[in-house]
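Some notes on the structure that comes next.
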Amino acid sequence: MKIKHLFFDLDHTLWDFNKNALETLSELYLELNLEDCFPSFSEFYNTYIKVNEHLWDLYRNKKITKDSLRTVRFVNTFQFFDVQNNDLAVRLGNEYVRRGPYKSNLFDSCHEVLTDLKSRYQLHIITNGFEEVQSIKMESSNLNQYFDQIITSEKAGVTKPHSQIFEYALSVSGAKASESIMIGDNFEVDCLGAEKLGIKAVHFNPDKIVQHKKVCYEIAHLKELLRLF
Ligand SMILES: [Mg+2]
């Protein structure tokens, strides 16, 4: 079957989430005088990343809500360092969510690769991010021009890796699983989720983390997509 549709994850696949988070948090760290509370920015930041990843797992499994995710990740980071200042954690959480999506760092060669692929395929996004946040990111980093359908988990009512979001994505884009490819950085969420429905997956794995299971394709750089498709 000829491939017609390429579905992309957004965060950590096209939009360089870690670089953008680092930029935003390092600005806020100075503005909110967080150097008075934490041993160093890197210790604060590395703890935040771990806390946030754990809470995102809980959110994906419907154990916590979007609103609590946004605040609790900073409250828990503060607690890790015994910093008792809830108001400051809440303020940081709100300001981070407000400002972060306006950052526009993308992975290397992103625009070049998408321009090329768009001339041959229909491109879509499937993201677990929040509707209003993801639309600011798409706009700030000038990504809207490439994509026909932008499917967020909020719109679909369910997050990846649940099958319903992939079914929803196929349905709104008029695609068949057999003529579609899913490209994403999260092996379980993007790749195994898609392959369960018969959509072949490309694992974007820039850090070359070893996986015990395999999906159809693995790439470490977006440019490799041009060799595959
Ligand atoms: Mg991702």
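Here are the numbers for this structure:
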item: Sole residue being of a type in the set (Asp, Glu), at pLDDT 95 or above and in a strand (DSSP E or B), chosen from GLU218, GLU167, GLU224; result: GLU218
item: Hits in the range 181-217 - residues which are closer than 19 Å to ASP16 by Cβ and either touching a Lys or Arg at 6+ places or on another chain (Cβ under 9 Å) or not assigned by TED's automatic domain parsing to the domain that holds ILE125 (or both); result: GLY184, ASN186, PHE187, VAL189, ASP190, HIS203
item: Residue match in the range 97-110 (condition: hydrophobic (A, V, I, L, M, F, W, C), at pLDDT 95 or above and closer than 14 Å to GLU23 by Cα); result: yes
item: Of all residues making up the range 190-221, the number that are aliphatic (A, V, I, L, M) and either exposed (fewer than 15 other Cβ atoms within 10 Å of the Cβ) or out of contact with any Asp or Glu (no Cβ under 8 Å at 6 or more places or on another chain) (or both); result: 7
item: Cβ-Cβ under 7 Å pairs, at least 6 apart or on other chains, the range 7-26 side of a type in the set (Lys, Arg), far side modelled with pLDDT of 95 or more; result: LYS19/ASN105
item: Residue in the range 148-157 that is modelled with pLDDT of 95 or more, away from the ligand (no atom under 16 Å from the Cβ), in a loop (DSSP other than H, G, I, E, B) and of a type in the set (Asp, Glu) present; result: yes
item: Selection count, the range 164-180, where residues are touching a His at 6+ places or on another chain (Cβ under 7 Å) and within 16 Å of the ligand (Cβ to nearest atom); result: 1
item: Subset of the range 1-45 (residues that are exposed (fewer than 12 other Cβ atoms within 10 Å of the Cβ) and not basic (Lys, Arg)); result: MET1, LEU30, GLU31, ASN33, ASP36, PRO39, SER40, SER42
item: Residues located in the range 107-145, provided they are over 16 Å from HIS221 (Cα atoms), in a loop (DSSP other than H, G, I, E, B) and out of contact with any strand residue (DSSP E or B) (no Cβ under 8 Å at 6 or more places or on another chain); result: SER119, ARG120, ASN142
item: Residue match in the range 70-85 (condition: over 16 Å from TYR45 (Cα atoms), in a helix (DSSP H, G or I) and either not aromatic (Phe, Trp, Tyr) or not assigned by TED's automatic domain parsing to the domain that holds GLY193 (or both)); result: no
item: Residue check, ALA194 within 16 Å of the ligand (Cβ to nearest atom), part of a strand (DSSP E or B) and under 16 Å from HIS124 (Cβ atoms); result: no
item: Selection count where residues are in contact (Cβ under 8 Å) with a residue 60 or more places away in the chain and crowded, with 19+ Cβ neighbours inside 10 Å, scope the range 66-99; result: 2
item: Residue selected from the range 175-189 under the condition part of a loop (DSSP other than H, G, I, E, B) and touching a helix residue (DSSP H, G or I) at 6+ places or on another chain (Cβ under 8 Å), by the criterion surrounded by the fewest Cβ atoms within 10 Å (Cβ to Cβ); result: LYS176
item: Only listed residue being among the aliphatic types (A, V, I, L, M), at pLDDT 95 or above and within 16 Å of the ligand (Cβ to nearest atom), chosen from LEU6, LEU28, LEU69; result: LEU6
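One line per residue, one yes/no per condition, for (1) closer than 30 Å to HIS221 by Cα; (2) within 16 Å of the ligand (Cβ to nearest atom):
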residue	(1), (2)
LEU10	yes, yes
THR13	yes, yes
ASN33	no, no
TYR48	yes, no
LEU55	yes, yes
ILE64	no, no
GLN79	no, no
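The values are calculated or read from the model by the stated rules, or taken from the named source; none is laboratory data. The model shown is predicted, which means the values in this text are computed figures rather than measured ones. Virtual Cβ from ideal backbone geometry, glycine too; neighbours counted across all protein chains shown.
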